[in-house]
Amino acid sequence: MGRNRVAVIGTGQTKYVAKRNDVTMAGMVREAIDSALADAHLTMDDIDAIAIGKAPDLFEGSMMPELAMAEAIGAVGKRMIRVHTAGSVGASTAIVGSSLVSSGVHSRVLAVSWEKQSESNAMWALSIPVPFTMPVGAGAGGFFAPHVRAYINNSKAPSHIGAMVAAKDRRNGAKNPLAHLHQPDITVESVMASQMLWDPIRFDETCPSSDGACAVVLGDEQTADDAIAEGRKVAWVHATAMRTEPLSYSHRNVVSPQAGRDASAALWKAAGITNPLEEVDAAEIYVPFSWFEPMWLENLGFMPEYEGWKLTEAGETEIGGKLPVNASGGVLSSNPIGASGMIRCAEAAIQVMGKGGDHQVPDVRKAFGHAYGGGSQYFSMWLLGVDKP
């Protein structure tokens, strides 16, 4: 972060569904933008710049779509910055937007990200041979399953932990009207009975394929103070962090990547957090396959190595637990890939502002948003709070 204070003034999301055949990409993105501007009590005329992000263009089969969409999203005559950090791009875009404000370059920035997976095929896009790298050939699940097996082997976690995460997140998602999947009656037993896709990842432990968009409005201290003076709540950005590492190198720790550990350590230091588990009230963590909850709890410094599953098993990541994780339903309930990271950031802001409705965690003072992308190599995260930093 720069020297100036910045806050989330408003958020906007579409309803996440399998196919938005009723609208173009530009129209879908505009829904989220209009919702965020309305939430912020601002208009496009008040916005100085737009940070736009999406996952790889092959996911939708449209190269650099932001250029064709510029007029529809209100970017003509304004600075527009395209961000790309694979699956973490939504969170990275939110952070780039916040940096434009904290640096003093702009006063009010709109950050928006989206995905319209129904217009292409992510499995196909992920299976194309990449130079100097073995082709995945089995999509994200096939790539990450060995990482999960390594975690289970090293941590000695019981086999039902992944099912506990999946059941929790889907129950939470049923409380979120915008979530793609609403499965209030899902159980650990039903998850364990679902089809095995990539051992040990079962069908109900995987994320859906969603269409949708998310936007956040970021403002400087004056904009935030004006909103507060009008009786509206904001979410102050206490710290942000991004780190990246190569896809493959000798002795790489794919279970707990160095970039994730470095980014979270930098975040906690910048925010003055010494005990994340005790000081953070809610977390939106990027969990596309259920076993990543305990893995990331360790990687992010909430739990010691190989003990993340114990927090999950004790029910402490449920709403009402010590660290509610993914009260919104998380990526396991909605996954428009390019937007999924921004949703984590927006939902953290929603928790801080007390706008969570049926999935609101009580008494949130600080909330954490997180995303990862690529082969667990791009990490983006921020910490938001009720109090001015």
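Relative contact order of the chain, please, whole-number percent, based on alpha carbon pairs below 8 angstrom and at least 6 residues apart.
On the way: 965 pairs, mean separation 99.8, N = 389.
Relative contact order here is 26 percent.
If you look at the Cα atoms of the chain, you get an Rg and a Dmax of 19.2, 56 Å.
Expressed per residue, the C-alpha convex hull volume of segment 179-259 stands at 214 Å³.
Ligands, DNA and RNA aside, HIS160 has an accessible area near 60 Å² when probed at 1.4 Å. Axis angle, to the nearest 10 degrees, between helix 161-173 and the longest C-alpha principal axis of the chain: 30 degrees.
When the chain is treated as a GNM with alpha-carbon contacts under 10 Å, the residue of ASN176, ASN299, ASN154 showing the greatest mean-square fluctuation is ASN154. In this Cβ point-charge picture (+1 for Lys and Arg, -1 for Asp and Glu), the chain has a dipole of about 460 debye about its Cα centre. Each residue, ALA38 and SER250, gets one label point 7 Å from its Cα in the Cβ direction; the gap between the two is 5.8 nm. Using the beta-carbon distance between SER103 and LEU277 and R0 = 51 Å, what value does 1/(1 + (r/R0)^6) give for FRET efficiency, to the nearest 0.05? It comes to 0.95.
For VAL83, the residues whose amide H sits under 5 Å from its own are ILE52, GLY53, LYS54, ignoring neighbours fewer than 5 places away on the same chain, with H placed 1.01 Å from N.
Each 10 Å bin from 0 upward holds the following percent of the Cα-Cα pairs of segment 260-375: 14, 51, 33, 2.
Label separation (GLU313 vs ASP225): 5.2 nm, computed from points 7 Å beyond Cα along the C-beta direction. What shape does segment 243-327 take by its C-alpha gyration tensor, where a ≥ b ≥ c are the square roots of the eigenvalues and a/c under 1.5 counts as rounded, a/b above b/c as prolate, and the rest as oblate? Cα axes put segment 243-327 in the oblate bin.
Once the 1.4 Å probe is applied to the protein heavy atoms, the chain comes out at 37 Å² accessible per residue. Once both axes come from the Cα atoms, what is the angle between helix 89-102 and the longest principal axis of the chain, in degrees from 0 to 90, rounded to 10? It is inclined by approximately 40 degrees.
Using alpha carbons only, how many degrees (0 to 90, rounded to 10) separate the axis of helix 139-155 from the longest principal axis of the chain? Rounded to the nearest ten degrees, it is 60. Stretching the chain fully between ASP199 and ASP358 yields a gain of 53.8 nm (0.36 nm per residue, less the alpha carbon separation). Would you kindly give the portion of the calculated P(r) for segment 142-202 that falls above 17 Å, as a percent of all Cα pairs? So the pairs more than 17 Å apart make up 46 percent of the total in segment 142-202. Classification of segment 16-70 by its C-alpha gyration tensor yields an oblate form. The axis ratio a/c (a ≥ b ≥ c) is 1.5 or more, and b/c is at least a/b.
Checking the Cα-Cα distances for LYS175/LYS366; LYS156/LYS322; LYS15/LYS233; LYS54/LYS156; LYS175/LYS269; LYS54/LYS168 against a 31 Å cut-off, the pairs over it are LYS54/LYS156; LYS175/LYS269.
In terms of overall dimensions, segment 48-104 has a Cα radius of gyration and Dmax of 11.7, 36 angstrom. Among VAL23, MET69, GLN13, whose Cα sits farthest toward the positive end of the charge dipole of the chain (+1 at Cβ of Lys/Arg, -1 at Cβ of Asp/Glu, about the Cα centre)? About the Cα centre, the residue reaching furthest to the positive side is MET69. Approximating the spin labels as points 7 Å out from Cα along Cα→Cβ, the LYS233-to-LYS15 distance works out to 2.5 nm.
The values are calculated or read from the model by the stated rules, or taken from the named source; none is laboratory data. Note that the structure is a prediction, hence the values are computed from the model and not measured. Cβ sites come from the backbone with ideal geometry, for glycine too, and all protein chains shown count toward neighbours. Ligands, DNA and RNA are stripped out before the accessible areas are found, and what is left, the full protein with its side chains, is counted by its heavy atoms. Shrake-Rupley method; radii C 1.70, N 1.55, O 1.52, S 1.80 Å.
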